[in-house]
Each structure stands twice: as C-alpha cells, then as structure tokens.
Amino acid sequence: METYQLADQPGSSATLPGLAQLIDVVGDDAFAPSLFKSMFSLTKPDHLTAFSFAGDAEPRVILAENIGRRPVAHEIARQYRKDYWRHDLANQLTLPLEGRRLDGCWGVRTSAAEIDHTNYRTHCYTSAGLEDRISLSEARNGRTLRVNFYRYRGKAFSSEDAARIFDSAKLLLALVRRHDQEGSAPAQDFSDQCRMRLAAIAPSLPARELDVCVSIVNGVTSEGIALALNVSINTVFTYRKRAYARLGISSQNELVRLVLNKNAALRRMLHS
C-alpha cells in the first residue's frame with residue numbers, strides 16, 4: 001500500500017472537467033453520473049465509488065458508477081458496505097496510530113494482490129476484473145469521506161494518472177462532501193430491484209437461479225458466481241440454463257435488456 005499525505009500541500013490550480021455543471025447538480029441524482037463523466041475525462045477510471053464512514057457504524061454509500069450499462073459498481077459497493085469494509089487497507093489511515101488519528105487529506109494506492117482477505121478480494125475486485133485502486137480520504141469531525149478510483153486488470157493507473165487524481169483531491173472531496181450533506185439519497189440497491197423484477201416476471205424462479213441471474217446482470221463472472229454461491233462452475237451453468245428457459249430467453253444480453261427495460265418486463269408479466 002502506498003500512502004500520500006495531501007493535506008499540507010500548497011493549493012493547486014487543478015480543476016475538474018465540467019466543474020460548472022457539477023456544481024449545478026450537487027445534491028441531485030445527476031451528480032454521480034456527471035462526476036464520473038468528469039473524472040473519466042481526467043483520468044479514465046473504470047469504477048468510481050464514494051463512502052462516508054463514522055466510527056464502527058456501517059459506512060454509507062454516497063455514489064457508485066462504472067463504465068458500461070450494467071451497474072456493477074452498485075453491487076460491489078453494497079457487498080463492501082455489508083460485509084467487507086472493515087478489511088479495507090485504507091482504514092489504517094483513519095484508525096488511531098501511536099495515540100493519534102490521521103486527520104486531513106490522504107491519497108492511498110492499493111492493488112487486489114495486497115488484500116489478504118480472500119472473500120473481500122474476490123467479491124470486490126477479482127470477480128469484476130478490478131485490480132488497481134487509488135483512494136482519496138479526508139477525516140473531519142469524526143467522519144471520514146473516501147472516494148475510490150478503480151481500473152480493470154491490465155490497465156493500472158500511470159504515475160501521471162495518479163498525480164492528476166491527487167491534484168484534484170481537495171476540490172473533488174469538497175464537492176462529494178457537499179453532495180452528501182445536501183441529502184442525496186444513497187446509491188440505489190440495484191440488486192434488490194433486479195431480484196424483485198425477475199421474481200415478478202417469473203414467480204416460479206427458484207432462489208438459486210434468481211441469485212445467478214442477478215449476479216449476471218451485475219456483471220459478475222461465472223467464476224465469481226461460483227465462488228459467491230460456493231458451488232461448482234458447472235452448477236452455475238445449469239442454474240443459468242434453467243433460468244433462461246423459465247424467462248423465455250437464450251442469452252445474457254436478453255437477460256440484461258429484460259431487467260433494464262421496465263416496459264418489456266411489464267409486457268412479459270401481462271402476457272404470461
């Protein structure tokens with residue numbers, strides 16, 4: 001793990017692409033995708049998440065965005081918040097160290113290979129193909145804000161990418177903190193929405209087949225699903241085949257369209 005103290009650095013003239021628009025949508029649903037678009041223009045992360053931490057309480061998801069149509073980052077953020085946040089190496093910066101707490105603004109760089117906790121590494125990194133992470137953390141008044149930038153395996157951030165992220169840290173963290181304070185709803189739990197929609201379309205879908213379909217829509221690989229469900233990959237294939245037959249589809253793309261297209265789902269329900 002690499003750490004960088006940013007708090008005492010001289011003020012930077014760094015700005016963010018589309019800053020005026022970002023300011024306009026702080027506190028709105030449009031903020032998260034607008035911020036991801038801005039950061040993608042700056043340094044091209046594949047995933048972007050932000051959390052608010054307070055003591056031993058479960059962290060709050062502020063935003064979760066990723067490239068592509070499927071909201072993979074939402075599912076990973078949900079799993080991280082529920083099961084794995086305590087295993088995050090970046091927590092070392094906000095826990096007491098030699099009798100004091102590391103307040104201020106910090107940059108942290110970690111990789112999946114550095115994570116000892118197998119399930120955390122699998123569910124929050126390797127199952128989605130993520131490898132490299134740069135985090136910005138700021139502790140203030142007993143609460144820590146953390147913004148995470150991820151890249152897929154084989155696409156590690158360059159030193160120039162890292163410098164651009166660190167240069168924008170103060171402005172970026174200020175925007176995210178203000179967005180959080182203005183009461184933007186936490187990232188929606190897309191998995192629950194997906195599960196409810198599929199259950200409504202095919203009430204006879206067994207729980208395991210439903211689990212597999214939800215994971216597929218969230219972008220989890222077959223290997224990742226097998227690990228999460230503690231079954232063999234052939235069993236995953238069997239569940240998938242049976243589920244597709246019940247849903248009247250034959251491909252992953254059809255499954256994604258079925259879940260994401262509310263009208264198509266409704267039509268299937270009405271004509272079933």
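Rundown of residues vs (1) of a type outside the set (Gly, Ala, Ser); (2) at positive phi; (3) free of Cβ contacts under 8 Å to residues at least 60 places away in the same chain; (4) in contact with a helix residue (DSSP H, G or I) (Cβ under 7 Å, 6 or more places away or on another chain), yes/no style:
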position: Asp192; (1), (2), (3), (4): yes, no, yes, no
position: Ala199; (1), (2), (3), (4): no, no, yes, yes
position: Leu205; (1), (2), (3), (4): yes, no, yes, yes
position: Asp211; (1), (2), (3), (4): yes, no, yes, yes
position: Leu229; (1), (2), (3), (4): yes, no, yes, yes
position: Ser232; (1), (2), (3), (4): no, no, yes, yes
position: Lys241; (1), (2), (3), (4): yes, no, yes, no
position: Leu260; (1), (2), (3), (4): yes, no, no, no
- Query: Before we move on, is Arg109 in a helix (DSSP H, G or I) and open to solvent by 30 Å² or more (accessible area, probe 1.4 Å)?
  - Reply: no
Among helices (runs of 4 or more DSSP H) entirely inside region 112-210, those with 2 or more residues being open to solvent by less than 50 Å² (accessible area, probe 1.4 Å), farther than 26 Å from Leu255 by Cα and modelled with pLDDT of 85 or more are 159-167, 169-181
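The values are calculated or read from the model by the stated rules, or taken from the named source; none is laboratory data. No experiment lies behind these values; they were computed from the predicted model shown. For neighbour counting, all protein chains shown are included, and Cβ atoms are generated from backbone atoms with ideal geometry for every residue, glycine included. Just so you know, the surface numbers come from the protein's heavy atoms only, side chains and all, with ligands and any DNA or RNA stripped out. Shrake-Rupley method; radii C 1.70, N 1.55, O 1.52, S 1.80 Å.
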